[in-house]
Amino acid sequence: MTEKRVIITGATGMVGGCALRICLENPDVSQVTTIGRSPTGINNARLREVVVDDFSDYSAFSDVLENQDAALYCLGAYTGAVPDDLFRQITVDYTLAFATSLHRASSQAAFCFLSGQGADPTGKSRMAFARYKGTAEKALLEIGFPRVHLFRPGYIYPVTPRKEPNLMYTISRFLYPLLRRIYPNIGISSEDLAAAMVHAGLYGTGEGENTVLENREIRFLNQQRISP
């Protein structure tokens, strides 16, 4: 198999960080490029880190975006963490600025987008998260990438302990190990989500090439990936 080049946004975050490690451990990946506001702190010969200040303008980074085989877009913000106008900018505008610039430089790349459960492509949802993620999804599908995989996880269980962003996440982390035994598709671990995104970006999702993957499909993809 030809070695692949992968570009990741949000590589210092919960899911992006897992995806970065998984890519660096994969012998099929020749280079990983990260785009972010700060370095990851990882030292690896196959890792190229690019620090940017403005996620809305990639005109100075066209060479960085060239010859990429897969993009894992994990940049985002928690609902309520920032004002609504900034939340929309991060969720929609930043996503499309990166995607359109990447498509100009690497038109045949696969694009994996970390969306969320309930995303509404009609843009009519009363929930800002669903409305903005759906708007971004719809626009991504219109750019022209040969493969776009939209990951819509429910609750994401952080494999590595962290300071939770709010009380709701603290409670969810505490209850998830119990609830998943009763409702196996209520959420997905950050490790399993990242592994599925990496696999989809590098190899696709199999027959039919699923565009939208929710918890059930993410879990099924991982089961297929590890099956002998």
* From the set of residues in region 177-210 that are open to solvent by 70 Å² or more (accessible area, probe 1.4 Å) and either of a type in the set (F, W, Y) or in a helix (DSSP H, G or I) (or both), which is modelled with the highest pLDDT? -> Y203
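Rundown of residues vs (1) touching a strand residue (DSSP E or B) at 6+ places or on another chain (Cβ under 6 Å); (2) farther than 27 Å from G206 by Cα; (3) surrounded by 17 or more Cβ atoms within 10 Å (Cβ to Cβ); (4) among the hydrophobic types (A, V, I, L, M, F, W, C), yes/no style:
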site	(1), (2), (3), (4)
I35	yes, yes, yes, yes
G41	no, yes, no, no
R46	yes, yes, no, no
E66	no, no, no, no
A81	no, yes, no, yes
F113	yes, no, yes, yes
Y132	no, yes, yes, no
H149	yes, no, yes, no
* **Qualifying position, being part of a strand (DSSP E or B) and either open to solvent by 30 Å² or more (accessible area, probe 1.4 Å) or free of Cβ contacts under 8 Å to residues at least 40 places away in the same chain (or both), among Q31, Q89** => Q31
* Boolean, L75 is open to solvent by less than 40 Å² (accessible area, probe 1.4 Å) and farther than 16 Å from F113 by Cβ -> no
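So, of the residues in region 92-111 that are assigned to a loop (DSSP other than H, G, I, E, B) and hydroxyl-bearing (S, T, Y), which turns out to be surrounded by the fewest Cβ atoms within 10 Å (Cβ to Cβ)?
Going through the qualifying residues, I end up with S107.
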* Somewhere in region 9-23, is a residue over 15 Å from the mean Cα position of the chain (by Cα), under 22 Å from S106 (Cβ atoms) and not β-branched (V, I, T)? -> no
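The values are calculated or read from the model by the stated rules, or taken from the named source; none is laboratory data. Keep in mind it's a predicted model, so treat the numbers as computed, not measured. Note that we place each Cβ from the backbone using ideal geometry, even for glycine, and neighbour counts take in every protein chain shown. When the accessible area is computed, the model is the full protein with side chains, heavy atoms only, and any ligands, DNA or RNA have been set aside. Shrake-Rupley method; radii C 1.70, N 1.55, O 1.52, S 1.80 Å.
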